[in-house]
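Heads up, the thing below is written out as structure tokens.
The values are calculated or read from the model by the stated rules, or taken from the named source; none is laboratory data. Everything numeric here is computed off the predicted structure, so don't read it as measured data. All Cβ positions, even for glycine, are placed from backbone atoms using ideal geometry, and neighbour counts span all protein chains on display. Quick note on the areas: whole protein, heavy atoms, side chains included, nothing else; ligands and nucleic acids left out. Shrake-Rupley method; radii C 1.70, N 1.55, O 1.52, S 1.80 Å.
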Amino acid sequence: MSERQGNQGGRPVGAPNVARGFSYDEPLIFEHSRPGRVGFSLADCDVPEVDPAEVLGAAAVREDALTLPEVSEVEVMRHFTRLSTWNAAVDFGLYPLGSCTMKYNPRVNERVAALPGFAQAHPLQPPALSQGFLELAWRLERGLAEVSGMDAVSLQPAAGAQGELVGMMMIRAYFADRGEVRTKVLVPDSAHGTNPASAALNAYEVVTVLTGDDGLLHPDEVEKAMAPDVAGLMLTNPNTLGLFETRIAEIADVVHRQGGLIYGDGANLNAILGVARPGDLGIDVMHFNLHKTFSTPHGGGGPGAGPVGVKALLEPYLPRPVITRNGDDAGADADEIGGLDFERPKSIGRVHGNFGNVGMFVRAWAYLRALGPEGLRRCAEMAVLNANYLLARLGDTFFVPYPGRVMHECILSDRHLADTGVTTLDVAKRLIDHGYHPPTIYFPLVVEGAIMIEPTESEPKEGLDRFIEALLAIEREAHADPETVKTAPHTTRHNRLDETRAARKPVLRWEPPEGE
Amino acid sequence: MADYEFPEDCRYTDGDEWLRPEGDGVRVGISDYAQCQLGDVVFVELPEVGATLEKGKSFGAIESVKAVSDLFAPVSGSVIAVNGALEDAPEKVNEACYGDGWILVLKPDDPGEVESLMDAAAYRAHVAARED
């Protein structure tokens, strides 16, 4: 077992796991294992036994039993519950990870998602027995289309990155269908790393377009890179610097004039909800991160969902099946209103089993309906106000690489701390001692030592003020006592981990102790 | 500007690689400035010996605790040796970027291409301009 720093000396007798009162240390589940201990009991087999080697082939059958932990149910429950108390979570406090939109997930979403008609539905139920879900999915597609100015939406992709991949697959299918050979995709240097990856996975050569000194993309730079062999441009608006691409309409014109398409990375959609629509700005295809903008959980509580929206010209290429609705046809049977259309000859095909991560659709729909159009707009306004408030109060103390108004997130850097030896990483680690999950650091790559803070609309002013005070205190401390900052965190279960050693010599699995 | 090393016997690219001619080949690595910017290097993805590189195209990647960066071919040519020691000891790039931390040896298609790259003084000025 590794050394546990917070637990040296005075370990209470008889309670080996207690570090501080009810704060528990917890070994690996394998270390709980005792031979023969089980957490289940199976009824006697009442069907004829089958020899796996006979039906699967001997080669497919293990000779030795798998070394799995042997533990009781209560030990499993305690193990994972204790681990869960080590988590930072938006339900504990501010979680200002820039570009990730860690907004609060309202509990009404969970209540709706737990309705038995959704929670217990089987994905292979025929459409006649899935009318409730099909209606919700169809409405969510329309809702997302309305918010984004797109003509059609597919809910299938499982996350933003897959949404991007699917979007680029549709662009590729579109040009193949037209018999056009286009081999390149333009990506600004401030882009999320997934953008060039999605283009490259579609066999496009990525051409980097430089952003200007103001952090924005300029039409003349795009013009220089644009050519008849360029399939399109991928961009994020607001961009990763938290700035609104003010010249996006002109940029879209430049690309469209030569027959290219614009991919919109929807990662930062939260900043413009109900205020500006990507479809109106010239974007042809985009993804939505339901776990960012539409308040579904980020992992842990559930998988992601990254629906894609397209303008009409890409609609034939959407993943299939497409959800259909015959509700306007008078006389349709109630159990035939929602349906599935598999007859999509130009479709890029299925990109997820069944319908996608359905539980997330229910939560996102609940969120859309709970807020309504006015509420969504207010959400964007508050997110932008919060980010600007942070910047206004921190901008005099920390270095601000792109001064001025921002959208939903703001970027500071460690440049003014250069003479103290304290870096962005140290500031982030020290924030943990103040009880905050650190913001995103060292991204975007175009800002050296970036500290990227996205407070989201969820945070009240008092919460922002406390976070600001923590950052200001760290800045003062960096000058007065840099060593304390450079060795942070100090109040955590483990002190600073050796990330370099972890990356160079990773220990990827547990091994039984020698001699066992 | 911080105190970086710029050995006089090397040529440099604006992608922060150095080249040192030896025999028919040139040895290639990343500059002191580049390794400082990257921080602790944890992995270097190397090409195969015999691979053909095209100037300006990515031939591998270097991963640090901060970021993954592409490595770009400084000139066109074929790979005649790679520094396999980096597989187990990527820290050599930080410890001795101009020595044991070399990345590969390249046989340039056109030796004149090497001569057209920045010398130490020009590269020093290039880094200084970026630091401002």
Within chain A, percent of DSSP bridges classed antiparallel, to nearest 5: 55 percent
For segment A:265-276, in residue order, the Karplus 3J(HN,Hα) values (coefficients 6.51, -1.76, 1.60; θ = phi - 60°; whole Hz; Gly and Pro = x) are 6, x, 3, 9, 4, 3, 6, 10, 3, x, 10, 9
Using amide H atoms built in the peptide plane, which far-off residues or other-chain residues are under 5 Å from A:Ser33 H to H? A:Glu70
What is the interface area between chains A and B, defined as buried accessible area summed over both chains with a 1.4 Å probe, reported in Å² to the nearest 100? 800 Å²
Might you work out the accessible area of A:Val61 for me, using a 1.4 Å probe with all protein chains in place, and round it to the nearest 10 Å²? 50 Å²
Compare the peptides A:93-101, B:59-67 by average per-residue count of other Cβ atoms within 10 angstrom and give them in order, highest first. A:93-101, B:59-67
Report ³J(HN,Hα) in whole Hz for each residue of segment A:460-467, in order, from the Karplus equation J = 6.51 cos²θ - 1.76 cosθ + 1.60 where θ = phi - 60°; Gly and Pro get x. x, 4, 4, x, 5, 4, 5, 5
Taking R0 as 25 Å, what FRET efficiency do you get between A:Glu343 and A:Ala176 from their Cβ-Cβ distance, rounded to the nearest 0.05? 0.80
Amide hydrogen neighbours beyond the local backbone of B:Val82, cut-off 5 Å, H modeled: B:Val105
Under 5 Å from the placed amide H of B:Leu71, counting only residues 5+ away or on other chains, we find B:Phe59, B:Gly60, B:Ala61, B:Ile62
Residues losing 50 Å² or more accessible surface upon assembly, segment B:39-68, compared with the chain by itself, 1.4 Å: B:Val42, B:Lys66
Would you kindly find the accessible area of A:His434, with a 1.4 Å probe and non-protein molecules such as ligands, DNA and RNA excluded, rounding to the nearest 10 Å²? 80 Å²
On a full-extension model of 0.36 nm per residue, what is the gain between A:Glu146 and A:Leu472, subtracting their alpha-carbon distance, rounded to one decimal in nm? 113.2 nm
Short version: ³J(HN,Hα) in whole Hz for each residue of segment B:103-113, in order, from phi by Karplus 6.51 cos²θ - 1.76 cosθ + 1.60 (θ = phi - 60°), x for Gly and Pro, what are they? 10, 7, 10, 10, 9, x, 5, 9, x, x, 4
So, in nm, how far is label B:Glu5 from label A:Asp51 when the simple model puts each one 7 Å beyond its Cα toward the Cβ? 6.9 nm
Do any of A:Lys184/A:Lys311; A:Lys292/B:Lys57; A:Lys292/A:Lys461; A:Lys505/B:Lys55; A:Lys311/B:Lys55; A:Lys429/B:Lys57 go past 30 Å between their Cα atoms, and which? A:Lys292/B:Lys57; A:Lys505/B:Lys55; A:Lys311/B:Lys55; A:Lys429/B:Lys57
Can you give me the distance in nm between label points at A:Glu63 and A:Asp214, each placed 7 Å from the Cα along the Cα-to-Cβ direction? 7.1 nm
Mind checking the per residue accessible area of chain A for me, 1.4 Å probe, whole number of Å²? 49 Å²
